[in-house]
Each structure stands twice: as C-alpha cells, then as structure tokens.
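Student: Can you keep this structure in mind? I'll have questions shortly.
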Amino acid sequence: MAEYPLIELYIDGQWKRASGQPIINPADESVLGTVPTATKADLDDALAAAEKGFAIWRSTAPAKRAQIILKAAALIRERVDVMAAAMTLEQGKPIEQAKLEILRGCDIIEWDATEGLRLYGRVIPSEPGMRHTVLRQPIGPVAAFSPWNFPMSSPARKVAGALSAGCSIILKASEETPAGAFQLVRAFHDAGLPAGVLNLVFGNPAEISEYLIPQSRIRLVTFTGSIPVGKHLAEMAGRYMKPAIMELGGHAPVIVCDDVDPVATGAASAIGKSRNAGQVCVAPTRFFVQESIYEQFAQSFAERASQLKVGNGLDPSTQLGPLANSRRIDAMETLVADAKAKGARVLAGGQRIGNRGYFFPLTVLADLPDDARAMNEEPFGPLALVNPVKTLDEAIEKANALPFGLAAYAFTKSASNAERLAESVEVGNLSINHFVASVAETPFGGVKDSG
Ligand code: NAD
C-alpha cells in the first residue's frame, strides 16, 4: 500500500512539526496529511542556519561535498519506489512517470555534484611580476522556490546546483505537493549533510518570498513557476540587487513538416503531450502542421489521445493521471469553451471526467483562430492545439508570435529544415524528431518572458 509521509519543516538539521494546511490527493480529493506552516521565527532560524551552514560548507573540500551529495543521490535511488508512491498520491502523475522523475532528479544531482569538482578559475596574462587570478566563489545562501508539477526534480535541480557550488540554501517547496521535496531533503540529511546547509520551509508563498528575498543574508533567488509570479519575484530581487534565476512558463510550438510520417508523428505527439498530463513548462502545445499531411496527423493524434487510459496514477496501467489541482480543471474548461465558441473543432476529449478527482482527458482541438485564448495563454494541462500551415516560414512566424520562448519541437527529415529551425525559432531548447526537451547534461533555460 502506498504511504504518505508526515511532512515536517527542516531547519538547522532539525525536523520540526507544525500545524498548517491540508494536502489533497487529486485522484479522489481526500486529505493525505498536513503541510506545516513556518512562522517568522522559523524563517529567522532558517536564515541564521543558512548563514552558519554556508560558512561550514564553503570551507568543506569540494571532493567531500561531492561525496555527500552523491551519497544522497544513491539513497534516493534506493528509495525510489516509496518516494514515487508518495508523489503520485500528492500530484497525481502515473507511478512510472513519478519514478522516472525521481531518477532524472538523481541524474541532475549526480551531474551537478561532479561538475562542482570542476569549478576552475583562470590566470590572466599580465605585466611581469603581476598575476591576475579569477576564482569562482560560491555566492552565498540561496532562497529557492519550487512548484507543484515536478515535486522532486525541480527542488533537486535547485538544491544540487546550490550545494555543488558550495552555497547553502533555504528551499520553499510547494505546499500542494510537499513530499517530493521533503523526501529529497531527508536523503541529504541521511547522507550526512552538515546542519544548516539545507533548510526546508513551507507556508504562505507570498509571505515567505517577501520576507526572505530582502534579507541581506540571502545572496541569490531562484524560482520556478508562473510568469506573473516570476516577474514579481525578479523585481523584488532586483530592488535588493540580487541575481535571480527564473524558470517560468512556456507555450511550446511543434512544427510538423510534410516530409514525415503523419500517422506515426501524430501518435507520438499524443504520448509527448500526455506526460504529466501536460502540466509541464516545456509541454508541446501549439502544433503547426503542413497542409498536405494535416488531416492525417490530426486524426492519428486524436485517435491515440482517445486510447490513453485515464485513472488513478497508482494503477500501473494508467497513462494519464488526474490534474494536480482544481485550478487546472477550471482552466481547461475555460480554454476549451472559448476555443469552441471561436469555431475550433474538438477531435478528442474536451470535458472533465466524473466529478470526484480532477480527471480531464487528453483534448485535441483543431482549427483554432489566432485569437483563441488557448493559443495565447499557457494551458498547463492536457490540451493540444492543432493548426495547418502552408509553409515552413509561416510555421516559424507563428511559433515566434508569443512572448514565450522556452521549448520548441520540430519533426522533419530534412537537414536544411532542421538547420533553419535551429537558427530561427526563438527558444532556449529546440528538439528535433523527439519530445525530450532537456537532460541532466544539457543546459536548460529560455528567452523572452520564459526567463
Ligand atoms: P500561481 O501563479 O498561483 O503559482 C505558481 C507557483 O508560484 C506556485 O508554486 C506558487 O506556490 C508559487 N507562488 C505564487 N505566488 C508566490 C509568491 N508571491 N512568492 C513565491 N512563490 C509564489 O499558479 P498555479 O495555479 O499554482 O500554477 C499555474 C501556472 O503556474 C501555470 O499556468 C504555469 O504557467 C505556471 N507554472 C509553471 C511551472 C514551470 O515549471 N515553469 C510550474 C508550475 C506552475
């Protein structure tokens, strides 16, 4: 039986229980537990701990740091089944996807840990008798804010990056899906990380960010989440002259050229879109398909989408779990109604399933006008928008039309098309002929409003 852990704060190497808000299972809306709310005094303790932890950690040999970080990753790999079950309970994703997320988080932790051994400086040629040396120093305590869609791998990216660089960190993880971060932190604790280096808090996100970011002890801010919140936090960080790493939303275009197999590409697109029920910043969303293969592509996409088994993520046969919260159901219903009113065709899905649990099928909409809301607002859910284009130029123009620039995908057999796309699509990551936006060893980031 899947078990959900008792969630606690983690400050200065100590676990702390507190009252707080209920954690809801999105598959049946039952209460899984309580996420503790940190008080101002807890945040002050976390700041003091992070300052103390930074002094210890920055003067720990990089090889020793890597050893502890790698040990944490090894413990997580051992615990993957238990951790995945808790993640499916709180977030809804199918259990196999939860396991993959955790293992991918381990890949990131391990890559960062060993990269921490290679933070080489430089010696710059100069006057005789003078030498200029460039050292790479850890910046200091980091305030990190992670979202609910990837409860383990998103915090893992933030924690591993900071710790591998020699920084301490206060992580404010998602209150809706706290077990991913909680179990991650527990592995670092068990691996022997010194007290104060890593601290975990929950509470009211706005109150915590407004309290932590201005503090002089915090030297860098990192946030993953929505563009409006990211802009707000980046402004606040700017006011206090702190670098901010913002990993925000996207609205990924997928350009399908007429030299590919439309049936196979349509089916692959349904699988690509279904990952984490589309609640992914790099989710493929706006499909621009060359006219001659458009109908075949759209039909194949819809057919494969309709075959996906929707259900509780703990059932190993489930391919599409519930959405993570009721806000996503509301957003899907609003965007579908607007698209239909503006003349879009519904090729698959379109309506909530049942009224207990946040189930929504993979929905394929075709022939949407440019002013349909879904074509402009990130759906962040299982919504695929399929439209025909005449030429590659038109596809590129449409792909670049929005203020987002995180991921894009393209399907083509032509090397010259691939080259053109790589040069002209305005995104951080372009994937050609597959739906893998990034792996541990590749950079991950965006342009424009995506951060
Ligand atoms: P939201 O804008 O209310 O919150 C987004 C995230 O920011 C949440 O994790 C929330 O806890 C946090 N947050 C909100 N206000 C904050 C503040 N003042 N300080 C610190 N953290 C704060 O939206 P939501 O309903 O939770 O999520 C939906 C939208 O968020 C989606 O449309 C999507 O664009 C975006 N999102 C993006 C990612 C990503 O990976 N880039 C992840 C999750 C959500």
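Student: Anything in the range 1-46 that is part of a loop (DSSP other than H, G, I, E, B), touching a strand residue (DSSP E or B) at 6+ places or on another chain (Cβ under 9 Å) and exposed (fewer than 14 other Cβ atoms within 10 Å of the Cβ)? List them, or say none.
Tutor: Residues satisfying the conditions are Leu6, Arg17, Ser19, Ser30.
Student: Here's something else I'd like to know. Among the residues of the range 263-282, write down those that are within 12 Å of the ligand (Cβ to nearest atom) and part of a helix (DSSP H, G or I). Full working, then the answer.
Tutor: Kept after step one, since they are within 12 Å of the ligand (Cβ to nearest atom), are these residues of the range 263-282: 276, 278-282.
Selection gives Asn276, Gly278.
Student: Now, a different point. When you check Pro155 against the structure, is it closer than 30 Å to Ser19 by Cα, over 15 Å from the mean Cα position of the chain (by Cα), modelled with pLDDT of 95 or more and assigned by TED's automatic domain parsing to the domain that holds Gly230, yes or no?
Tutor: On the way: closer than 30 Å to Ser19 by Cα: yes; over 15 Å from the mean Cα position of the chain (by Cα): no; modelled with pLDDT of 95 or more: yes; assigned by TED's automatic domain parsing to the domain that holds Gly230: yes.
Here the answer is no, as Pro155 does not meet what is asked.
Student: I've got another one for you. Counting only residues that are among the polar types (S, T, N, Q) and surrounded by fewer than 17 Cβ atoms within 10 Å (Cβ to Cβ), which one in the range 94-138 is nearest to Ser59 (Cα to Cα)? Step through it out loud before you land on a result.
Tutor: Taking the range 94-138 as the starting set, the residues that turn out to be among the polar types (S, T, N, Q) are 97, 114, 126, 133, 137.
Imposing the further condition that a residue be surrounded by fewer than 17 Cβ atoms within 10 Å (Cβ to Cβ) reduces the set to 114, 126, 133, 137.
Values: Thr114: 17, Ser126: 29, Thr133: 19, Gln137: 11 Å.
The qualifying residue nearest to Ser59 (Cα to Cα) is Gln137.
Student: Looking at the range 411-439 only, could you name the residues that are open to solvent by less than 40 Å² (accessible area, probe 1.4 Å) and modelled with pLDDT of 95 or more?
Tutor: Of the range 411-439, the ones open to solvent by less than 40 Å² (accessible area, probe 1.4 Å) are 411-412, 414, 417-418, 421, 424-425, 427, 429, 431, 437-438.
Phe411, Thr412, Ser414, Asn417, Ala418, Leu421, Ser424, Val425, Val427, Asn429, Ser431 - these are the residues of the range 411-439 that are open to solvent by less than 40 Å² (accessible area, probe 1.4 Å) and modelled with pLDDT of 95 or more.
Student: To continue, here is another question. Wholly within the range 158-262, which strands (runs of 3 or more DSSP E) include no fewer than the required count, namely at least 1 residues that are open to solvent by 10 Å² or more (accessible area, probe 1.4 Å), in contact with a strand residue (DSSP E or B) (Cβ under 9 Å, 6 or more places away or on another chain) and over 18 Å from Ala50 (Cβ atoms)? Reasoning before the result, please.
Tutor: Numbers: elements: 169-172, 198-201, 220-224, 244-247, 252-256.
It comes to 220-224, 244-247.
Student: Please go through the range 366-394 and pick out each residue that is open to solvent by 30 Å² or more (accessible area, probe 1.4 Å), in contact with a helix residue (DSSP H, G or I) (Cβ under 9 Å, 6 or more places away or on another chain), part of a loop (DSSP other than H, G, I, E, B) and within 30 Å of Pro26 (Cβ to Cβ).
Tutor: Matches in the range 366-394: Glu377, Glu378, Phe380.
Student: Just to verify a result, which residue in the range 323-359, among those that are within 15 Å of Glu176 (Cβ to Cβ) and basic (Lys, Arg), is nearest to the ligand (Cβ to nearest atom)?
Tutor: Applying the filter and picking the extreme gives Arg327.
Student: Something else now. Please specify each residue of the range 395-410 satisfying the condition of being open to solvent by 20 Å² or more (accessible area, probe 1.4 Å), outside any loop (DSSP other than H, G, I, E, B) and either in contact (Cβ under 8 Å) with a residue 60 or more places away in the chain or at positive phi (or both).
Tutor: Applying the first criterion (open to solvent by 20 Å² or more (accessible area, probe 1.4 Å)) to the range 395-410 yields 397-398, 400-401, 403-404.
Checking which are outside any loop (DSSP other than H, G, I, E, B) leaves us with 397-398.
The answer is Lys398, and nothing else.
Student: Additional query: Would you call Thr88 under 27 Å from the mean Cα position of the chain (by Cα), buried (at least 18 other Cβ atoms within 10 Å of the Cβ) and farther than 27 Å from Phe359 by Cα?
Tutor: Details: under 27 Å from the mean Cα position of the chain (by Cα): yes; buried (at least 18 other Cβ atoms within 10 Å of the Cβ): yes; farther than 27 Å from Phe359 by Cα: no.
No; evaluated as a whole, the condition is false for this residue.
Student: Looking only at the range 348-362, filter to residues that are touching a Phe, Trp or Tyr at 6+ places or on another chain (Cβ under 9 Å) and open to solvent by 40 Å² or more (accessible area, probe 1.4 Å); which one of those is farthest from Met375 (Cα to Cα)?
Tutor: Ile353
The values are calculated or read from the model by the stated rules, or taken from the named source; none is laboratory data. These numbers were taken from a predicted model, which means no experiment stands behind them. Here Cβ is always computed from backbone atoms with ideal geometry, including for glycine, and neighbour counts include all displayed protein chains. Ligands, DNA and RNA are excluded from the accessible area calculation, which covers all protein heavy atoms including side chains. Shrake-Rupley method; radii C 1.70, N 1.55, O 1.52, S 1.80 Å.
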